[in-house]
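A.B. asks: The structure follows.
The values are calculated or read from the model by the stated rules, or taken from the named source; none is laboratory data. These numbers were taken from a predicted model, which means no experiment stands behind them. Positions of Cβ are backbone-derived with ideal geometry, glycine not excepted, and every protein chain shown enters the neighbour counts.
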Amino acid sequence: MRNTPKSRSKGEQDDFAAFDTVAADQKIEFVHPLTGITYRALNRGTRHRYAMVKEAQRRKDRWQAYQHCVDDPSDATGVCECTYQSQEVRLGYYVCPPRFTEPCTPSDRTLSAEYALESLEKQVELMNNVRLFHNVFEYNLY
């Protein structure tokens, strides 16, 4: 397992010694927005862990965009704009009138931010589980 690509947590036992000397396009860092823990991965080998850290960064960006909608209720553009679809019953059949777009309600904004944060936390949990699995076999940590 020594040559497998790894994702690491900055400052931990399994941190990369020379991470800062690697070219910028060959590495990625993700700082968790709530805990401040920094995850790192190199763009080498099969790139699975690099892809996991990159996905965590994407989900963080998504959560921050939705959280901005919660923090700034006056913003009604981009992800702060919601498309609603209603249903009506006409002659015993459900019909869908045209969709309409308007600023999201406060509850919709909060719900979107919570879903995005939950998605981010699932990705971080996956990275931590892979790190734990690797550390158990690499360092015999039980």
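A.B. asks: Suppose we keep only residues that are within 30 Å of Met127 (Cα to Cα) and over 16 Å from the mean Cα position of the chain (by Cα) within region 60-78. Which one would you say is surrounded by the most Cβ atoms within 10 Å (Cβ to Cβ)? If you could, list the steps in order and put the result at the bottom.
C.D. replies: Kept after step one, since they are within 30 Å of Met127 (Cα to Cα), are these residues of region 60-78: 60-71, 78.
After this cut, where a residue has to be over 16 Å from the mean Cα position of the chain (by Cα) as well, the list is 69-71, 78.
Details: Cys69: 24, Val70: 17, Asp71: 11, Gly78: 9.
Checking each candidate, the answer is Cys69.
A.B. asks: Tell me, which residue of region 97-113 that is among the hydrophobic types (A, V, I, L, M, F, W, C) and not in a helix (DSSP H, G or I) is modelled with the highest pLDDT?
C.D. replies: Kept after step one, since they are among the hydrophobic types (A, V, I, L, M, F, W, C), are these residues of region 97-113: 100, 104, 111, 113.
If we keep only those that are not in a helix (DSSP H, G or I) as well, we get 100, 104.
Values: Phe100: 78, Cys104: 87.
Selected residue: Cys104.
A.B. asks: When region 37-61 is examined, which residues are found to be among the β-branched types (Val, Ile, Thr) and closer than 24 Å to Leu117 by Cα?
C.D. replies: Ile37, Thr38, Val53
A.B. asks: Go through region 35-49 residue by residue and tally those that are at pLDDT below 80, surrounded by 14 or more Cβ atoms within 10 Å (Cβ to Cβ) and not basic (Lys, Arg).
C.D. replies: Qualifying residue count for the region: 0.
A.B. asks: Does Ser107 satisfy the condition of being surrounded by 10 or more Cβ atoms within 10 Å (Cβ to Cβ), over 30 Å from Gln26 (Cβ atoms) and among the small types (Gly, Ala, Ser)? Quick ask: steps written out before the conclusion?
C.D. replies: Working: surrounded by 10 or more Cβ atoms within 10 Å (Cβ to Cβ): no; over 30 Å from Gln26 (Cβ atoms): yes; among the small types (Gly, Ala, Ser): yes.
Considered against the rule, which asks whether it is surrounded by 10 or more Cβ atoms within 10 Å (Cβ to Cβ), over 30 Å from Gln26 (Cβ atoms) and among the small types (Gly, Ala, Ser), Ser107 comes out as no.
A.B. asks: Please specify each residue of region 26-36 satisfying the condition of being among the β-branched types (Val, Ile, Thr) and closer than 17 Å to Glu118 by Cα. Write out each step before concluding.
C.D. replies: Applying the first criterion (among the β-branched types (Val, Ile, Thr)) to region 26-36 yields 28, 31, 35.
The answer is Val31, Thr35.
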